[in-house]
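Report on one structure; see the data block that follows.
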Amino acid sequence: MAVLRLKYNRNGKVKIINRWYVEFTDDKGISHRMPGYLDKDATKGLESDIKSLVTNLRAGLRAESELARQKLMGRDDKVKNSLIKIGLLEAGAVPRPELRPKDLFKILDEQEPPKEQKVTVPLCDMPTVPLPDCRISKKDMPSKPGVYFVWNDNRVVYIGKARNIKSRLPHGKARIGEMVSFIFTEDLFYTELLYIGIYKPERNGNWNGVI
């Protein structure tokens with residue numbers, strides 16, 4: 001993917017178009033170039049949102065793809081029309097500015113096999129959860145927002161979020177002999193919700209998505 005300005009020749013002089021463009025390859029391997037904004041940083045933000053959607057589509061993550069689409073649907077009509085022509089957005093789709101937890105769980109449920117089919121999904125086929133590392137001490141942790149995972153043997157038994165991982169760990173939900181791993185992310189709510197919806201840790205109970 002790339003953010004660039006286009007050049008053209010007029011009367012023997014090379015001119016540069018003021019508007020920035022985004023070049024990318026979609027989930028089907030087709031290359032595209034679409035207009036962005038006059039501001040480079042704004043166009044980079046658009047590039048980041050498109051990259052997030054394409055990456056999730058390639059990985060087959062329907063819930064995360066839907067969240068990425070919602071972000072793009074909040075942009076101006078010119079950008080949305082370009083994405084509709086490309087096929088990344090659907091014409092006539094209604095934006096949902098605040099995607100509710102039950103909406104996301106519904107998308108996740110559609111990914112799961114019917115309950116009567118007892119199918120075990122390998123851990124490697126799910127979004128990656130980092131394994132705990134006893135060599136990492138609290139003083140080595142950056143003060144960043146993230147989601148943490150409490151492990152009992154080889155199972156994730158609790159998932160939580162914190163605006164400062166360093167200050168939250170070790171967590172009270174971790175019992176003697178258990179370990180904790182974590183990932184750093186700015187999107188705390190939906191990242192925690194996604195992992196809980198997939199792994200359904202026993203200590204999260206009937207979690208309803210309320211912060």
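Of note:
- Scanning region 38-86 for residues that are basic (Lys, Arg) and in a helix (DSSP H, G or I) returns Lys40, Lys44, Lys51, Arg58, Arg62, Arg69, Lys71, Lys78, Lys80, Lys85.
- Only a single criterion out of (1) touching a strand residue (DSSP E or B) at 6+ places or on another chain (Cβ under 6 Å); (2) under 25 Å from Phe189 (Cα atoms); (3) outside any helix (DSSP H, G or I) is not satisfied by Leu89, namely (1).
Rundown of residues vs (1) under 19 Å from the mean Cα position of the chain (by Cα); (2) charged (D, E, K, R); (3) under 20 Å from Ile84 (Cα atoms), yes/no style:
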site	(1), (2), (3)
Met1	yes, no, yes
Lys15	no, yes, no
Asn18	no, no, no
Asp26	yes, yes, yes
Gly29	no, no, yes
Arg33	no, yes, yes
Thr55	yes, no, yes
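- For region 70-79, the condition of being surrounded by fewer than 14 Cβ atoms within 10 Å (Cβ to Cβ), in contact (Cβ under 8 Å) with a residue 12 or more places away in the chain and either under 30 Å from Ile196 (Cβ atoms) or not assigned by TED's automatic domain parsing to the domain that holds Gly197 (or both) holds for at least one residue.
- Residue within region 59-68 that is without any contact (Cβ under 8 Å) to a residue 40 or more places away in the chain and of a type in the set (D, E, K, R) present: no
- Checking each residue in region 5-49 for being surrounded by fewer than 13 Cβ atoms within 10 Å (Cβ to Cβ) and of a type in the set (Asp, Glu) picks out Asp39, Asp41.
The values are calculated or read from the model by the stated rules, or taken from the named source; none is laboratory data. It should be emphasised that the depicted structure is a prediction, and the values quoted were computed from it without experimental measurement. Neighbour counts are summed over all protein chains in view; Cβ atoms, including those assigned to glycine, are modelled from backbone coordinates with ideal geometry.
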